[in-house]
Amino acid sequence: METNQILETIRMIEEEKLDIRTITMGISLLDCIDSDGGKARQKIYDKITRLAQNLVRTGEDIENEFGIPIIHKRISVTPIAMVAGASGDKDYVAYAKTLDEAAKATGVNFIGGFSALVQKGYTVGDRRLVQSIPEALAVTELVCSSVNVGSTRSGINMDAVGEMGRIVKETAERTADAQGLGCAKLVIFANAVEDNPFMAGAFHGVGEADCIINVGVSGPGVVKRALEKVKGERFDVVSETIKKITFKITRMGQLVGHEASTRLGVPFGIVDLSLAPTPAVGDSVARILEEMGLESAGTHGTTAALALLNDAVKKGGVMACSHVGGLSGAFIPVSEDAGMIEAVEVGALNIQKLEAMTAVCSVGLDMIAIPGDTPAETISAMIADEAAIGVINNKTTAVRVIPAPGKKVGDNVEFGGLLGRAPVMAVSSHSAAEFIARGGRIPAPIHSFKN
């Protein structure tokens with residue numbers, strides 16, 4: 001590397017909050033399946049702790065040697081509904097506890113994969129896992145859960161959508177002493193991807209290798225600083241600027257991924273180029289949108305600005321790395337983005353606008369606190385709307401909302417760390433109960449027939 005490139009990278013890390021958000025080890029648990037649940041859980045614990053025993057130390061070594069911050073080290077596993085379904089166990093909370101124990105033994109920040117894929121219907125294992133989610137998230141610290149309720153090829157499982165509204169409510173109630181924190185570890189997807197390194201939605205897909213390393217990069221502050229240098233320029237220039245800086249960010253992610261892969265003796269999977277914000281000042285996706293000329297994120301023009309950002313990020317990243325995957329775009333979690341929080345507080349951003357933005361962003365309605373007395377059917381309807389956006393547009397969408405117990409619009413919910421602070425946002429007071437009560441399946445769209 002030339003001297004100016006080295007100095008530029010140092011500046012991006014020290015001044016613009018560039019980091020590797022996560023190194024995530026994906027582990028298949030298919031060979032841990034056993035009709036005896038106790039034996040299956042022992043196999044799960046043994047495999048995770050054996051393969052990931054050096055993950056945290058390796059990440060720290062790379063941080064120290066290269067001077068690149070790696071914020072989290074994580075594990076994702078095969079959806080537990082598939083693994084536990086072969087056993088006679090009727091309650092899967094014990095599996096969540098096993099994952100939690102394995103995560104703590106390896107020292108990682110989170111483990112994902114307490115999951116079920118029910119876009120076309122439930123297996124016995126799926127149903128038992130979903131029913132176990134509230135208690136599982138209440139009695140564990142590091143376990144994350146996800147449920148996929150729709151896909152472009154299958155349509156939307158409205159029975160699952162209806163049930164997940166109730167599960168979200170129950171999870172909030174079971175973790176009321178932590179302001180509903182359990183819901184921050186639960187995400188409901190449409191078109192979930194198999195190689196996502198980001199929590200809470202990470203799981204290790206059945207099409208993946210036995211063990212892989214995936215990397216999630218970040219760097220909203222770097223993109224904003226780059227745009228400050230082209231203030232007032234045409235959007236063609238804005239797009240090119242984002243592409244060039246994303247190329248550099250992704251190159252760094254690929255370097256870290258390959259280095260971790262080599263040291264751990266595990267195949268390299270993908271780089272997820274999602275711009276993941278934090279509550280820290282200067283690390284905000286909202287500030288990027290405002291740098292394009294918006295007075296505040298949420299005003300008219302926000303969806304167009306976000307669409308440009310997402311597209312340019314993908315184009316720049318794909319040129320930098322042959323193995324791009326995961327979600328790859330821009331996250332817009334309210335509680336984790338200082339600019340989004342401010343936009344809500346000044347009245348520029350509401351849930352309706354966020355829903356429109358999810359049509360062009362990385363995922364969906366993410367880390368949004370809503371009143372604790374919000375009916376389960378309203379939460380289900382929010383899930384259905386997001387699933388519809390994903391299914392019709394052939395993209396991943398998701399819902400991670402927190403019905404904060406005892407809180408009303410205008411209150412704040414404090415989670416701390418990367419989860420940040422969430423102002424409680426208003427939801428519609430009009431009921432969707434009869435709509436959700438219909439159940440059944442919304443058919444796949446006509447463009448799903450591609451064979």
Grab every C-alpha pair in the range 67-160, bin the distances at 10 angstrom width from 0 up to the longest one, and report whole percents.
-> 17, 44, 27, 10, 2
Links that overshoot a 28 Å alpha carbon limit, given the list LYS120/LYS395; LYS120/LYS407; LYS229/LYS315; LYS120/LYS243; LYS243/LYS450 = LYS120/LYS407; LYS120/LYS243; LYS243/LYS450
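Antiparallel versus total DSSP beta bridges in the range 213-441: what percent is that, nearest 5?
Approximately 25 percent, going by the DSSP bridge assignments.
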Under 21 Å from the Cα of LYS43, which lysines turn up, not counting those fewer than eight places away in the same chain?
-> LYS90, LYS97, LYS104
Among the trypsin sites (Lys or Arg not before Pro) within the range 214-264, which fall in a DSSP loop and have no more than 12 other Cβ atoms within 10 Å of their own Cβ?
-> LYS229, LYS231, ARG234
Considering only the chain, what is the antiparallel percent among its DSSP beta bridges, to the nearest 5?
-> 35
What stretch of the chain, leaving out the sites themselves, is the longest with no GluC sites (Glu not before Pro) in a DSSP loop having at most 14 other Cβ atoms within 10 Å?
-> 296-451
Taking P(r) over Cα pairs in 20 Å bins from 0, in percent as the quantity of interest, determine which of (1) 27, 60, 13, 0; (2) 24, 58, 18, 0; (3) 17, 42, 32, 8, 1 was computed from the displayed structure.
-> (1)
Most exposed first, judged by fewest Cβ atoms within 10 angstrom, ARG21, ARG153 run ARG153, ARG21
Exposure proxy check: SER380, SER261, SER35 ranked by fewest other beta carbons within 10 Å?
-> SER35, SER261, SER380
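Bear in mind that the values in this text are calculations on the coordinates, not laboratory data. Since the model is a prediction, treat every value here as computed from it, not as a measurement. Positions of Cβ are generated from backbone atoms using ideal geometry, with glycine treated the same way; all protein chains shown enter the neighbour counts.
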